[in-house]
Amino acid sequence: MKDKQIPATFKIRRLFREIDEKIDIVPFITFAFLSEKQKEYSDNLSQFHERYGFTFREYELLESILEKQRNEDETYLSDLKSSLNALKNSQNNYIKEIYARIPENLLNDREIGKILDIFQISIDAKKLYPYTRYRVPAYVKEYDYYEFPLMKLFSRMVSTNHTPKKVYDPSCRDAQNIVELENFEEAVLCERDMDEYYHAIQNILIHELENKVTISHKEFLIDETNQSYDTIISIPYLYGRQLKLVDESDKTEKYAKYNTKNPNYIHLLNLIEHLDDEGLMVTTTTQDLLVKRDAYDIRKYLIENNLLDMVIDYDTGYRSRDITILVINNHRKTEDILFFKRSRNRLGMPSRYNLEILKSFNNREAIPKVSDIISKEEIIKNDYNLNPKRYVYQLEYESKDVKIVIKEQEEYTSKIRQLDEEIDGLLKELRKG
């Protein structure tokens, strides 16, 4: 196949994979956005400078650099480095910090050329950003492969029969959950990982949400503020490494009211506390919470207070990474609960899987072998067990005429007798010998 016949998406994906995995491409995508944005302010560059804290000179704009690359004018390399210096000297602290982190020793002419080759195909930062999650395995964390579809799913779920206004995400990764939301008034985000934190800032900049979003680089087990939110979206980190934190003497009183030492359960209960009276939360949790004895009180609390709306057994495709999604709703009108379990024979790619979940959630309907609606009474009878496997039956049942079954059984019995007689005959022959 000739190169010109290869779709642009495949070319871009290939180029992303060819770039040194140690190089973070996100700042270059943000550069493409800012360069295009400055062109929009061409009649009033002072406004651009006021918003972003710097101004590119004409030769530092991406369009000029790409033209020089096409014309094989090697000064495009020095022009790009000049562009990066302009960003490093920005009076906007976020932008200044982002570009101060770029390791110049990795940016050789060859790698810069590959990055610019991507922009020769597309300079649409919003479309390019998602490609950063699907680079070579050495660069991309395993959870990236399933979190990206999850973020799309969560954002659509909290927008169904609910209008997000004040949104909270305490472990926002690269802020894709917020970016996926079409409408909201304000959002409060936190992220513990430094790289993801800066990616989140850039994702917010690219989608021009900086005036609606507050983001902090921090990690906490419980949020001690008095803030409440009508929408919480959370894919929390697993807190196994923080078990000791719960046992510290100076923290005992803080955690005592949760009546558990499991940090994952404490974190979940604390999130529920931050939901307002009309609040809706979609979050992931461990599968242990569904069945284990130490989570019995939490399951009972969720059911008795009519908070649990839906439980989803989400198959990530990684045997050790299957996760559970909980939908917590503070304004439920019914007491039944929707359970969803993926049918391996039915569903394939995550996007198709998400459509099945949304269909069941939006219409609140049972789908044979995939989802079912279970009464509060039945859950109590099952000792508050919340495992979807208990309630969603996926076995294949084949209806048969009783007469046919009896006839088949008689034939099997006859064949068994015949085999027994043959075996007896063989044994007699062996004894004679």
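Couple of notes before you dig in:
- Filtered residues of segment 195-226 (kept if modelled with pLDDT under 95 and either of a type in the set (A, V, I, L, M, F, W, C) or not assigned by TED's automatic domain parsing to the domain that holds Asn183 (or both)): Phe220, Leu221, Ile222
- Per-region count, segment 261-284, residues among the hydroxyl-bearing types (Ser, Thr, Tyr) and touching a helix residue (DSSP H, G or I) at 6+ places or on another chain (Cβ under 6 Å): 1
- For segment 121-148, taking the residues that are out of contact with any Phe, Trp or Tyr (no Cβ under 7 Å at 6 or more places or on another chain) and of a type in the set (Asp, Glu), the one that is modelled with the lowest pLDDT is identified as Asp144.
- The set of residues from segment 83-104 being assigned to a helix (DSSP H, G or I) and farther than 28 Å from Lys11 by Cβ comprises Asn85, Ala86, Lys88, Asn93, Tyr94, Ile95, Lys96, Glu97, Ala100.
- Pair list, Cβ under 6 Å, 6 or more apart: segment 100-124 residue more than 10 Å from Leu80 (Cβ to Cβ), other residue charged (D, E, K, R) and part of a helix (DSSP H, G or I): Ala100/Lys88; Lys114/Glu18; Ile121/Lys11
- Checking each residue in segment 37-80 for being among the aliphatic types (A, V, I, L, M) and outside any helix (DSSP H, G or I) picks out only Leu61.
- Residue list for segment 358-392, restricted to those being over 25 Å from Glu304 (Cα atoms) and not charged (D, E, K, R): Leu358, Ile367, Pro368, Val370
- Residues of segment 265-283 include none that is assigned to a loop (DSSP other than H, G, I, E, B), touching a residue at least 40 places away in the same chain (Cβ under 8 Å) and among the hydroxyl-bearing types (Ser, Thr, Tyr).
- Subset tally (residues that are of a type in the set (S, T, N, Q) and modelled with pLDDT under 95) for segment 227-240: 1
- Of all residue pairs spaced 6 or more apart or on separate chains, those with beta-carbon atoms under 8 Å, a first member in segment 40-65 that is more than 22 Å from Glu97 (Cα to Cα) and a second member that is acidic (Asp, Glu) and surrounded by fewer than 12 Cβ atoms within 10 Å (Cβ to Cβ) are Ser64/Glu58.
- Complete set of residues in segment 218-240 that are closer than 30 Å to Ile29 by Cα and within 19 Å of the chain's Cα centre (by Cα): Glu219, Thr231, Ile232, Ile233, Ser234, Ile235, Pro236, Tyr237
The values are calculated or read from the model by the stated rules, or taken from the named source; none is laboratory data. All values reported here derive from a predicted model rather than from experimental measurement. Here Cβ is always computed from backbone atoms with ideal geometry, including for glycine, and neighbour counts include all displayed protein chains.
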